[in-house]
Amino acid sequence: MLNEKRDSLKIVQWNFKTLDMRIAMRILLLLCTGYQPLCFGQNLPDPPLVVIDPGHGGTDSGAIGTQGVFEKDIVLEVAQEMVRLNQEIHGGDLQLYLTRYADTLISLSDRTGLAKALKADAYVSIHCNQAQRKEAQGMEVFVCKGRGRYLEASLKLAHAIGQNQNQYLGLKDRGVRVANFQVLWEPRQICPSVLVELGFLSNREEEEHLKKKPSIAAIALVVLETLITYFNEGNSK
């Protein structure tokens, strides 16, 4: 197990010169200790299928940061990193499918349609936030407004993602919110569905953090591990 954890450090390849040392130490703790509730090496008997939706793409850049960072690029990198870490660290504990694998524009109905076609066990849409107030910061997770078959499960997953990002990475947890986003409304009767806002690109410090490779890997790892823990705890459709 110790060798496995050392290998995981080599896989992530942290760059401490560009990563805030407080965050770096949290990542080392995340990877090198027997922390709870997240953990390595739990092989699920029948890998749950999760659709990861990197928002925007193509001509739709999404939010644009103060330094010109595009939301569409950040969220795709996080999604791709989740796929890589799922295989290299967890050996495929989850079946992960992305709604887009490149810088392409996919319709909202096609994004949610993939979850329906694959009979997904969970749907996670990934975005970055933006606000007129430059001081706005932190992560927030949305679930569909109103009643739905998987509302309770969606709320549980949403709270876990926000709390774990705060606990292990120090990202401000702005809590769980409700909205009628199409990517939440359409899959509400199919599976638990959440929309994750990773941080504010309008906040220069958060933009600087989000554009770094180690930060992307860290965020991806925590979301991935939260999903694995969620299913290991017996949550299913």
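Below, the figures for the structure above:
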| item | result |
| --- | --- |
| Nitroxide proxy distance, nm - points 7 Å out along Cα→Cβ at Arg204 and Gln67 | 1.0 |
| Along each principal axis, Cα extent of segment 147-237, largest first, Å | 38, 29, 19 |
| Paramagnetic label zone (point 7 Å from Cα along Cα-to-C-beta, Thr59; backbone N under 14 Å) in segment 86-125 | 104-107 |
| Long-range amide H partners of Leu98 with built H, under 5 Å | Ile52 |
| Within-11-Å neighbourhood charge of Phe70 [Cβ basis; K, R +1; D, E -1] | -4 |
| Ser109, Ser193 arranged by Cβ crowding within 10 Å, fewest neighbours leading | Ser109, Ser193 |
| Loop-resident sites, segment 145-237, for GluC sites (Glu not before Pro), counting at most 11 other Cβ within 10 Å (DSSP) | Glu233 |
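FYI, it's all coordinate maths here, none of it is from the lab. Remember, predicted model here, so these are calculated numbers, not experimental data. Cβ: placed from backbone, ideal geometry, glycine included. Neighbour counts: every protein chain shown.
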